[in-house]
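Read-outs throughout are calculated quantities, based only on the coordinates presented, and are distinct from any laboratory measurement. The model shown is predicted, which means the values in this text are computed figures rather than measured ones. With ideal geometry, Cβ positions are generated from the backbone for all residues, glycine too; neighbour counts draw on all protein chains shown.
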Amino acid sequence: MAKDRRTSRQTRANRVRFKLKTVSGGRLRLSVFRSARHTYAQVIDDRTGTTLVSCSSLDQDVRDQVKYGGNADAAAAIGKCIAEKALAAQIKEVVFDRGGFLYHGRVKALADAAREAGLSF
């Protein structure tokens with residue numbers, strides 16, 4: 001039976017997360033989710049299951065910078081925002097979880113901006 005897009009993406013995301021757990025070495029995970037209108041990023045501690053830092057296109061400081069939350073410019077602003085918040089929380093190294101999305105477009109823009117702002121992955 002054919003799967004819908006959401007189920008297929010969730011299957012890919014589970015596969016990516018399983019591989020990340022084997023190579024992460026206990027590092028925190030920078031998880032990315034993108035919808036049609038917005039982009040979200042959060043740093044997660046998988047040992048305790050808590051979100052330490054988060055940023056999205058719905059945050060006021062990002063909304064002031066960008067006009068629309070579902071494009072690469074917004075993703076770059078979110079990458080910069082998440083890196084600044086993570087560095088303020090003494091988080092320097094993370095593992096990048098693309099969440100079943102291709103490393104292209106918004107996901108790549110977010111990752112590049114986070115690296116430029118000082119986050120290491």
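Observations, loosely collected:
- Test: residue in the stretch 51-66 that is touching a residue at least 60 places away in the same chain (Cβ under 8 Å), under 13 Å from the mean Cα position of the chain (by Cα), closer than 25 Å to R5 by Cβ and not in a loop (DSSP other than H, G, I, E, B): no
- Matching residues, the stretch 67-103, being under 13 Å from the mean Cα position of the chain (by Cα) and loosely packed, with under 15 Cβ neighbours inside 10 Å: L102, Y103
- Within the stretch 77-121, the set of residues being touching a Gly at 6+ places or on another chain (Cβ under 6 Å) and either without any contact (Cβ under 8 Å) to a residue 24 or more places away in the chain or assigned to a strand (DSSP E or B) (or both) is empty.
- Selection within the stretch 21-50: residues that are of a type in the set (K, R) and in contact (Cβ under 8 Å) with a residue 60 or more places away in the chain. The member of this set that is surrounded by the most Cβ atoms within 10 Å (Cβ to Cβ) is R34.
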